[in-house]
1. Please give the peptides 68-78, 99-109, 45-55, 117-127 ranked by average Cβ packing (other Cβ atoms within 10 Å per residue), highest first, as a rough proxy for protection.
2. Would you please give the residues with an amide H less than 5 Å from that of F94, counting only those at least 5 places away or on a separate chain, with H modeled from the backbone geometry?
3. Put a dot 7 Å past each Cα toward the Cβ at R69 and L6; how far apart are the dots in nm?
4. By how many degrees, 0 to 90 and rounded to 10, does the Cα axis of helix 79-89 deviate from the longest principal axis of the chain?
5. List the residues, sorted by chain then number, that are 5 or more residues from G143 or on another chain and whose placed amide H is less than 5 Å from its amide H.
6. For region 75-147, just say rounded, prolate or oblate: build the C-alpha gyration tensor, square-root its eigenvalues into a ≥ b ≥ c, call rounded for a/c under 1.5, and beyond that prolate if a/b exceeds b/c, oblate if not.
7. Tally Lys/Arg at +1 and Asp/Glu at -1 over every other residue whose Cβ is under 14 Å from the Cβ of V105; what's the total?
8. Please give the length that would be gained between M55 and H108 if that part of the chain were fully extended, namely 0.36 nm times their separation in residues minus their C-alpha to C-alpha distance (nm, one decimal).
Amino acid sequence: MNLNNLKPAEGSIKHSKRVGRGAGSGKGGTATRGNKGAKARSGYHQKIGFEGGQMPIYRRLPKFGFKNRNRVEYVGINLDTLSSLVETKNITVFNVEVLAQNGLVSSHDRIKILGRGELTKGINVTAHAFSASAKQAIEAAGGAAVVIE
């Protein structure tokens, strides 16, 4: 096999119809668009969601829901995740940079520490928010929970 005798697989290339190029071509006249109407004209565009005149689904169904523009999204990290990092990597001070380096959050995320799991060692945690159970568990283990303003 050489570069000069490479060919695409049989039937893999299909040439498009060359329409509207005169009566002699066999595809002139209406150029396979049928007879008259908006769909036969150039520049035809159908509105998104148009259902042929039937009441479209986006108008048949009621509106519902609400997006709160002022909602603050937190990335939750549980105490069991922190305790596994303490055991494997021997980290005792947790802040945004440390959590980002370990792949738990990105540097611009807001962090909330949640209370699932138990702590055996005292750790210092700096985060944007704490659940009541997480704060209580951290302080009971001899650590500190510092809130970022």
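Bear in mind these aren't lab numbers, they're just calculated from the coordinates by the rules spelled out. Values in this document were obtained by computation on a predicted structure and should not be read as measured data. Backbone-built Cβ (ideal geometry, glycine too); neighbour counts: all protein chains shown.
1. Highest to lowest by the protection proxy: 117-127, 99-109, 68-78, 45-55.
2. Those lying under 5 Å, H to H, from F94 are N124, V125, T126.
3. Here the modelled spin labels are 5.6 nm apart.
4. 80 degrees
5. I123
6. Values: a/c = 1.64, a/b = 1.19, b/c = 1.38.
Oblate shape, in that a/c is at least 1.5 and b/c is the bigger or equal ratio.
7. Neighbour charge sum, excluding V105 itself: -1.
8. Length gained between M55 and H108: 14.6 nm.
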